[in-house]
Each structure stands twice: as structure tokens, then as C-alpha cells.
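Throughout, read-outs are computed from the coordinates displayed, never taken from laboratory work. Keep in mind it's a predicted model, so treat the numbers as computed, not measured. Here the Cβ is made from the backbone with ideal geometry for all residues, glycine too, and neighbour counts use every protein chain on show.
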Amino acid sequence: MKEGEDTTTTTAAATATATPLRRVPLATSPALVTVAVVHEGCSASRRVLLCRRARDPCCGRWSLVGGCGAFKDDNDPAAAVALEVLCDTGEPLRDPTFFNYFYVPGQVLLAFSGWVSSHPVPNLTYTSELKWFDLEEAMKVPLAFNGNEILQWYFEHCFSGAAPPSLPRSMDAILFDLDGTLVDSQERVALHYQETATKFGLSASLEDCRRLRGLR
């Protein structure tokens, strides 16, 4: 190095070369899924429809009717759940009424109630069997995913006269501010601190940047 040469930029460049920035991939966003408590003939019926899954995951197990594919065709959750029920039973869900949302790892489930006629026809690509159960009986069946939790909540709240929460008629997105619950972004924050420092000609090790997390 020549006498009098500015070392700031040189040092920063050397640091960037010695410690290349790693890109930390973010976790996949949760899938948005609609599920339905399907009543027989009218929404007041105490008989509900369960389907036996014909494919993985949980092939062969009973579950509530639903899925995520219909959101590709309609971003209105009520319309999407009606299409899911149509796909599995041959009939659209009548009077779809949102009653709550539930979370399982990787999925947010929007739960609806509604009804179809007494003679649904299974779509054998997805469903090997459809069967009507008394609501109390259905809650005792080991259901796929968190179907038992959904049915229990529905039974305790929607049959007790409690008003279910409202849902906008149409939505483009659901935003979650869970601050690290879905994705641990702390390492990515430190990497961006280091990248920003380098752009401004400052020397900052990754360890220095990690110590700054939470202080912004």
C-alpha cells in the first residue's frame, strides 16, 4: 500500500471478499386452505359429511371436505370453499358461512359451514367414500389434519348461539405479523446489515452485525 492511500475503501472491499454474503432462503409462505362442515339438507341439520381421503397425505383417513386448489380460480374464500365441496361431492356448498380460522404448520385453514343434498357423489380421484355422521359422532372420529379441533370449536360456538367472526366477502391476501414465528429471519437481518455497511464503505464483520440484531 502506498503512503497516504485511503484505507477505508480497501478495508471494506477486503472484508466483503473475505466474507461473501450468503443468501438465506425464506420459508415458503403458508398455504391458504378452505374446509367445510357440510350439513345434510340444511344448515340446521345435526348430520355432517365426512370424506375418506383417496390420496396422500393421510390417504384412507376421514377428514372434513376442503382443499386449497380452488383459490387458483377464485380468491373469494366463500366461492373457493363452494368449489372445493363441488369437486369432492358433485354439489357446491350452499349458504357458505365463515366461522373461524385455524393454523397447522404450513397452512392457514379458513373454516366454513353450509349444506348439500342428502345424496352427494364422491370424486374418486380425491375421495374414496362419503358418509353422513351425527355431529357428536363425527367429533369422535380421528380426523386428518386438525379436523377434530375444527369440529369441536364449531360445536361449542356455533351451536351455542354465539356469533361467529365475520370475514370480508373477497380478499387478495392475508398478512401475518408474527415476528419470527413462521420464519427465523435474524440471520438474514445480520447479512443485510453487513451488505448495507459495505455499500457505504464501512467495515463490519458478520459477528458485529449479529450483535446489532433487535437494536434497530
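The calculated FRET efficiency for Asn75 paired with Gln107, based on their beta-carbon distance and R0 = 22 Å, is about 0.85.
Residue ranges 186-198, 81-93 sort as 81-93, 186-198 when ordered by packing (mean number of other C-beta atoms within 10 Å per residue, highest first).
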